[in-house]
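As structure tokens, the structure follows; a few thoughts come after it.
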Amino acid sequence: MATGRGTHSSSSEVNGKLSDYKTPPRKNGHVNGVKKNGINGKRDHTKWQEDFFESFEETPLLVAILTYLGYALLVVIGQIRDLMRAYGIEKDKSCTEPKLEGFVPLFLSWESFYTRNLYRRARDCWNRPISSCAGGRIDVMERISPDYGWNFQLTGKKLDVMNFGSYNYLGFAENTGPCADKVEETTRKYGVGVCASRQEMGYMDIHRELDDLTAEYLGVEAAITVPMGFATNSMNMPSLVGKGSLILSDELNHASLILGSRLTGALIRTFKHNDMRDLEKKLRDAVTEGQPRTHRPWKKILIVVEGVYSMEGSIVRLPDVIRLKKKYKAYIYLDEAHSIGAMGPHGKGVVDYFGLDPRDVDIMMGTFTKSFGAAGGYIGGTRRLINHLRANAHSCIYSTAMSPPVVQQIISSMSTIMGKDGTQEGMKRIRQLAWNARYFRKRLHERGYILYGNKDSPVVPLLLYMPSKVAMFSRETLRRGMATVVVGFPATPLIETRARFCLSAAHTKEMLDEAIQIIDDVGDLLRLRYSSLPAPDFSEDDIELIQ
């Protein structure tokens, strides 16, 4: 079976094909790098696959058939109800587009149909308002719908539930503690907003401090920070490549990378997710054939990948990507939105996780919206690259500079991770998250659920498949005291709808055990134990916690 969607992967099989490396069986307990003079540790890069475990089990045939039938039934019922609304048999409560003579429809008919007849039926599972700090536990404001999802009303009640839906990986989304205290001091000193871009009057000394600290944290020459994570990709990529260049993008890259790639004007080709053979084939073809029609050499070839893929929970095979980059003289754009802070023995992302040299990655991008409990993003690299972005990137020219309290939150949390506060609090959180990820994933594997992703990823997708089970799972877990995120079509393939658990250092073992029990209760109710593979043998015992 294909590793991409069929088995556990712990060595050299990628999407049903063997890679160029032959590796011995995976062993637990391999150390991901050793800290040396503040720089990411080094290890034997040829042996990283021994400790690399990912699972993508094939969808059971019967479940796939029933899922397709479920969606087909919903579409048929939706068409019947649309017909009834057209003839006035049923009241039309949707905001339908007016039919103007001579004008083409502004909205896509299928998207409107899907929203009106399918999404509406389970709309209570999304957009839930909360009224507390987004920590390990949150207060969800209870809503009811008197008309089956067309409108919602707040009841005034608050549900105190465990939070398994926020990207609060290191638990820095706090309203008390040293970080919050420093943010309050900064707010009193600088105010809330700067009301100008970096190139005008919006660049403060605290912004310079953040840029320098981020560069030191990443182990690169320089870094630049941006007030919005999404814009870090979409507004900076057009300054890096353009017409006559080629972008090779992983098929599961985030929407911000897709938008940024389109805005560049470069030719875009996608390669199969984490498939190094497919990537190498496309690199080889690009180098040998050149540009379409003219066959001139490409001005630049940019490989665009993510560190941790937020829907799959998988980790980029970065050592192989770097090997191919050097072989074919391409550039790497690495998006570490979900991996910076959350991966690696020192919390420095997948570069740290594999013990690689940061200088081998040409463009290091990440966000502060997850592990740092703040907002915005960064790009790190050579000083020449950063100076180019400062002068040319839309995110620097047209965007208002980052809010000072947000800057201070990032500086405080990053300093804690680096140990600059004189404590081991940062390392404690990094190890707690790593332990939680393995413990939680291993227990769910043992109970027979189909999970996607890497054993060390803080994102744990559990496959639900059928549309009715997606809504039921979200409602039942919330009723039992656990808030989680469910994801369905069109955000995922039709037969790969899932619940996505985001783990945090703020989760205690007792919370994890309670969550696993809730999943078990709901899993038995909905019959979600689809897995036919044996449980993997990795363990959380390899990770030494700091008390």
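Looking only at segment 50-74, count every residue that is farther than 30 Å from Lys455 by Cα and free of Cβ contacts under 8 Å to residues at least 40 places away in the same chain and tell me the total.
Final tally of qualifying residues: 3.
Yes/no per residue for (1) in contact with an Asp or Glu (Cβ under 7 Å, 6 or more places away or on another chain); (2) open to solvent by 40 Å² or more (accessible area, probe 1.4 Å); (3) in contact (Cβ under 8 Å) with a residue 40 or more places away in the chain; (4) not hydroxyl-bearing (Ser, Thr, Tyr):
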site: Lys158; (1), (2), (3), (4): yes, yes, no, yes
site: Asn163; (1), (2), (3), (4): no, no, yes, yes
site: Gln199; (1), (2), (3), (4): no, yes, yes, yes
site: Ile206; (1), (2), (3), (4): no, no, yes, yes
site: Ile247; (1), (2), (3), (4): no, no, yes, yes
site: Glu251; (1), (2), (3), (4): no, yes, no, yes
site: His254; (1), (2), (3), (4): yes, yes, yes, yes
site: Ser261; (1), (2), (3), (4): no, no, yes, no
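Residues that are among the β-branched types (Val, Ile, Thr) and without any contact (Cβ under 8 Å) to a residue 40 or more places away in the chain: does segment 391-411 have at least one?
No, that holds for no residue.
So that you can scan it fast, the table gives a plain yes or no per residue for (1) out of contact with any helix residue (DSSP H, G or I) (no Cβ under 7 Å at 6 or more places or on another chain); (2) open to solvent by less than 10 Å² (accessible area, probe 1.4 Å); (3) closer than 21 Å to Thr225 by Cβ:
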{"residue": "Gln291", "(1), (2), (3)": "yes, no, no"}
{"residue": "Ile301", "(1), (2), (3)": "no, no, no"}
{"residue": "Ile315", "(1), (2), (3)": "no, yes, no"}
{"residue": "Lys327", "(1), (2), (3)": "yes, no, no"}
{"residue": "Ala330", "(1), (2), (3)": "no, yes, no"}
{"residue": "Ser339", "(1), (2), (3)": "no, yes, yes"}
{"residue": "Met343", "(1), (2), (3)": "no, yes, yes"}
{"residue": "His346", "(1), (2), (3)": "no, no, yes"}
{"residue": "Asp357", "(1), (2), (3)": "yes, no, no"}
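Quick one: is Thr400 of a type in the set (Val, Ile, Thr), closer than 21 Å to Phe230 by Cα and out of contact with any helix residue (DSSP H, G or I) (no Cβ under 9 Å at 6 or more places or on another chain)?
Considered against the rule, which asks whether it is of a type in the set (Val, Ile, Thr), closer than 21 Å to Phe230 by Cα and out of contact with any helix residue (DSSP H, G or I) (no Cβ under 9 Å at 6 or more places or on another chain), Thr400 comes out as yes.
Would you say Asp278 is open to solvent by less than 10 Å² (accessible area, probe 1.4 Å), among the acidic types (Asp, Glu) and closer than 24 Å to Ser339 by Cβ?
no
Does Arg137 satisfy the condition of being among the charged types (D, E, K, R), in contact with a Leu (Cβ under 7 Å, 6 or more places away or on another chain), surrounded by 13 or more Cβ atoms within 10 Å (Cβ to Cβ) and at pLDDT 85 or above?
Considered against the rule, which asks whether it is among the charged types (D, E, K, R), in contact with a Leu (Cβ under 7 Å, 6 or more places away or on another chain), surrounded by 13 or more Cβ atoms within 10 Å (Cβ to Cβ) and at pLDDT 85 or above, Arg137 comes out as no.
For segment 369-419, name all the residues that are open to solvent by 40 Å² or more (accessible area, probe 1.4 Å) and small (Gly, Ala, Ser).
Ala391, the sole residue that qualifies.
Working only within segment 254-283, note down all residues that are touching a Ser or Thr at 6+ places or on another chain (Cβ under 8 Å), of a type outside the set (Ser, Thr, Tyr) and within 22 Å of Ser310 (Cα to Cα).
His254, Leu257, Ile258, Leu259, Gly260, Ile268, Arg269, Phe271, His273, Asn274, Met276
Which one of the conditions (1) assigned to a strand (DSSP E or B); (2) touching a Pro at 6+ places or on another chain (Cβ under 6 Å) does Tyr530 fail to meet, given that it meets all the rest?
The one condition Tyr530 does not meet is (1).
Run down Arg475, Arg390, Arg384, Arg443 and say which single residue is touching a Lys or Arg at 6+ places or on another chain (Cβ under 8 Å), in a helix (DSSP H, G or I) and either among the charged types (D, E, K, R) or within 26 Å of Asp357 (Cβ to Cβ) (or both).
Residue meeting the stated conditions: Arg390.
Kindly indicate which of Arg123, Arg208, Arg128 is under 24 Å from the mean Cα position of the chain (by Cα) and part of a helix (DSSP H, G or I).
One residue alone meets the criteria, Arg123.
Filter segment 478-497 down to the residues that are part of a loop (DSSP other than H, G, I, E, B) and open to solvent by less than 60 Å² (accessible area, probe 1.4 Å) and list them by number.
Scanning segment 478-497 gives Gly481, Thr484, Gly488, Thr492, Leu494, Ile495, Glu496, Thr497.
Can you run down the residue pairs with Cβ atoms below 6 Å, 6 or more apart or on separate chains, where the first is in segment 101-119 and within 15 Å of Leu83 (Cα to Cα) and in a helix (DSSP H, G or I) and the partner is modelled with pLDDT of 85 or more and not acidic (Asp, Glu)?
These pairs meet every condition: Asn117/Gly78.
Could you look through segment 432-477, keep only residues that are open to solvent by 10 Å² or more (accessible area, probe 1.4 Å) and among the polar types (S, T, N, Q), and pick out the one that is nearest to Asn274 (Cα to Cα)?
That would be Gln432.
Only one residue in Gly88, Gly70 is under 30 Å from Leu463 (Cβ atoms) and either open to solvent by less than 100 Å² (accessible area, probe 1.4 Å) or not in a loop (DSSP other than H, G, I, E, B) (or both). Which one?
That would be Gly70, the only listed residue that is under 30 Å from Leu463 (Cβ atoms) and either open to solvent by less than 100 Å² (accessible area, probe 1.4 Å) or not in a loop (DSSP other than H, G, I, E, B) (or both).
The values are calculated or read from the model by the stated rules, or taken from the named source; none is laboratory data. Computed from a prediction, not measured in an experiment: that's the story for all the values here. Because the Cβ atoms are built from the backbone with ideal geometry, glycine has one as well, and the counts that use them run over all protein chains shown. In case anyone asks, the SASA skips ligands and DNA or RNA and just uses the protein heavy atoms, side chains included. Shrake-Rupley method; radii C 1.70, N 1.55, O 1.52, S 1.80 Å.
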